[in-house]
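See below for the structure under consideration.
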Amino acid sequence: MRRLQSVLLAAVAVIGFASIASAADMPVKALTPAIAAPALTPSGYIELYGGGDRYNFFGEDMNAWTLGGAGRANWWLTPNFSMQLDAQGEGSQLHFSGCGSACDLSVHDYLIAAHAMWRNSNWGIGVVGAVGDASPGFRFGAVGGEALVNWNMITLYLQGGYGSTIGSNEPLFADANTWFVRGTARYYPTQNLLLEGSVLGARTNVTPFFDSSFDVDTLMWRVKAETMFNPYMSVYLAYQGSRSNFPAGFGCCSPDANDSFTDQRVTIGLRAWLNRDNLRNNDITGAPLDFINPFSLLGFGGQQMGSFTSDVRLKRDITLVGRLDDGLGLYRYRYLWSDTVYVGVMAQEVALIHPEAIVRDALDDYLRVDYGRLGLHLMTLPEWDARSKGERL
């Protein structure tokens, strides 16, 4: 972690010195107290980015490579009223430590957001709405308010609101809703060098299929350095970390489990700009807004993959421990990436006896089981041993 932070700080310094050294040769506009909005033209940018992630799913490590892209466009409808449209998406190839290609998993998410804001060169206030899709198969919507203040070479941006799942193919999280607040500070040492820091906090209430609802607290932090090296192109380097705390015992069914999901991400990105010849002017008259999906920080895909995927191909040390009245077997096993011993079912067998309890995801070919439809729940071996004396799972 310290090495990662050192590399990031060194890269930020290199970007900063390069930008300052080239500032004299850059065609830039001087900042003015006000800009005539009727003369403004549509503006925005498209970007491509890639990088690496280091996840920890409830005590199990996972590495990932991520590729993504985004586009943002802003239009002025009146001298003081602007509309902005965002579209972004990314895909990740994830790999659990400790096993081979069987532990690889591809996930994706996308987001479309719209902002409406009354603003001038000094401040603005508006509303935002967003919809999207995230792995392993749930959709969400969110609405909120936002505001920004421009002061000298600093921009302060505040956003908050409410989001909810609006459809799901993933039975683990049948329903979830969240309240979130996010703050961002941007500082411009020069008009073509941006240093940015963001913090987001969220409380999400989750209703799973197997138990009563519970709350998850999430904290995200992000720093970024960006420089524009000609009037149409900029490059940035960003580090993002997040942590989501789940109830005790949720991660691996044991009260002693590590009940948190963490993410460390470093990305580098390239942006192509429309009608903006320096970064600072974008905060004043361009497309300065964005949206961070709080659901994407919860690690739904990894928790589902780690604890409730029931495909026999992802399990080892499998031993039959009993059968239900309908012939469905109960097995003791370990996942390929974990030493924790569970007692549960095999998805391939469930598909033959109770096909309605099988969940398939278009992102991969592994089978998942809706334990609620079977009237069962996943257990660790100690829990099974404690209940095996005359009790059915």
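The values are calculated or read from the model by the stated rules, or taken from the named source; none is laboratory data. These numbers were taken from a predicted model, which means no experiment stands behind them. Cβ atoms come from the backbone with ideal geometry, glycine included; neighbour counts cover every protein chain shown.
With respect to the stated conditions, Asn74 is in contact with a Gly (Cβ under 7 Å, 6 or more places away or on another chain) and at pLDDT 65 or above. Comparison of Phe140, Phe96 shows that the only residue that is at pLDDT below 95, over 19 Å from Thr204 (Cα atoms) and touching a helix residue (DSSP H, G or I) at 6+ places or on another chain (Cβ under 6 Å) is Phe96. The residues in segment 235-273 that are outside any loop (DSSP other than H, G, I, E, B), modelled with pLDDT under 90 and farther than 13 Å from Arg222 by Cβ can be counted, and the count is 5. Any chance segment 340-352 includes a residue that's modelled with pLDDT under 85 and in a loop (DSSP other than H, G, I, E, B)? There is at least one residue in segment 340-352 that is modelled with pLDDT under 85 and in a loop (DSSP other than H, G, I, E, B).
Going by what's in this entry, would Tyr371 be described as under 30 Å from Asp61 (Cα atoms) and at pLDDT 75 or above?
Details: under 30 Å from Asp61 (Cα atoms): yes; at pLDDT 75 or above: yes.
In short, yes.
Kindly evaluate Ala134 against the criterion of being surrounded by 15 or more Cβ atoms within 10 Å (Cβ to Cβ), touching an Asp or Glu at 6+ places or on another chain (Cβ under 8 Å) and of a type outside the set (D, E, K, R). Yes, satisfied.
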